[in-house]
Amino acid sequence: MHFLSHYYYELPGKSPLFIAGLGIPDLAPDFSHAYNSVVKKSVLNNGYDVQQIQNGIESHYHADKIFHNSPVFAELMALTTQSFLTAGLSREKLRLSVIAHVAVELMIDRQILLENEQLCFDYYNCLNNASEAVISTYFEAHSLEELKRKFLIKFQFFKERRFLFLFSDLENIVTGLSRIYAGVTNTEFTDDEKRFFLNALNNIDSTIRYSWKKILNAKSL
């Protein structure tokens, strides 16, 4: 799941610190490693506010498990991969199944934005109201000082940039896919590949539009 999808999945309202916690696994570099090696083994008593962050993090992992095991998600991944191949993209050159996984997540965020833009405003308002002092306390309680520093930099940029609003334009999703892929492989898409991806996403857009709620409205595995 992606940022706006996690927020939608947890509605109705949660505390700003809970919502900030939802984003920590995706915004803090290597957080999952720290979570498994440090956080899960810790027993802390830092009060209600810090616990809200922990609750958000745990809900992130729980929702991802449900999402990634959903038959609808598997079907959308397969359809998206086939759409990539039909558009002329090479399975030999590109890791299309990995790209399809990320693309479906971004495209679901796009559908939420197109259906109800106010939810995106509400999401960013929640993040802006989340106390960075309390977030710092959470990381410090686990002796994750360097991870805290990296997270706060990305968190501030994420709030200021508000890039989720850009998902109304499919070209911006292609740009996002290219940057994410480059971060993993050090190779960005060529101009032709970007054009092929845009055609493929156009072809799959309506299918995702009528399928995404089947995943996000499921609350148990």
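The values are calculated or read from the model by the stated rules, or taken from the named source; none is laboratory data. Quantities reported herein were computed from a predicted structural model and do not represent experimental measurements. A quick note on method: Cβ atoms are made from the backbone with ideal geometry, for glycine too, and the neighbour counts reach across all protein chains shown.
In segment 184-221, the residue that is modelled with the lowest pLDDT out of those that are closer than 22 Å to Asn69 by Cβ and hydroxyl-bearing (Ser, Thr, Tyr) is Ser220. Given the structure, is Tyr181 modelled with pLDDT under 95, over 20 Å from Ile24 (Cβ atoms) and surrounded by 16 or more Cβ atoms within 10 Å (Cβ to Cβ)? Taking the combined requirement at face value, the residue satisfies it.
Taken over segment 6-51, the criterion of being assigned to a loop (DSSP other than H, G, I, E, B), closer than 27 Å to Gln111 by Cβ and at pLDDT below 90 is satisfied by Pro12, Gly13, Lys14, Ala28. Taken together, the residues in segment 93-119 that are surrounded by fewer than 16 Cβ atoms within 10 Å (Cβ to Cβ) and either in a loop (DSSP other than H, G, I, E, B) or under 13 Å from the mean Cα position of the chain (by Cα) (or both) amount to 3.
When segment 62-79 is filtered for residues that are assigned to a helix (DSSP H, G or I) and under 18 Å from the mean Cα position of the chain (by Cα), the ones remaining, listed by number, are His62, Ala63, Asp64, Lys65, Ile66, Phe67, His68, Val72, Phe73, Ala74, Leu76, Met77.
Of the helices (runs of 4 or more DSSP H) contained entirely in segment 129-220, those carrying at least 3 residues that are under 20 Å from Leu119 (Cβ atoms) fall at 145-161, 170-185, 191-209, 212-216. Scanning segment 130-169 for residues that are closer than 17 Å to Gln52 by Cβ and β-branched (Val, Ile, Thr) yields Val134, Ile135, Thr137. Residues that are surrounded by fewer than 22 Cβ atoms within 10 Å (Cβ to Cβ), under 23 Å from Ile180 (Cβ atoms) and among the hydroxyl-bearing types (Ser, Thr, Tyr) do occur in segment 70-81. Among the residues of segment 140-170, how many are surrounded by 13 or more Cβ atoms within 10 Å (Cβ to Cβ) and among the small types (Gly, Ala, Ser)? Number of matching residues: 2.
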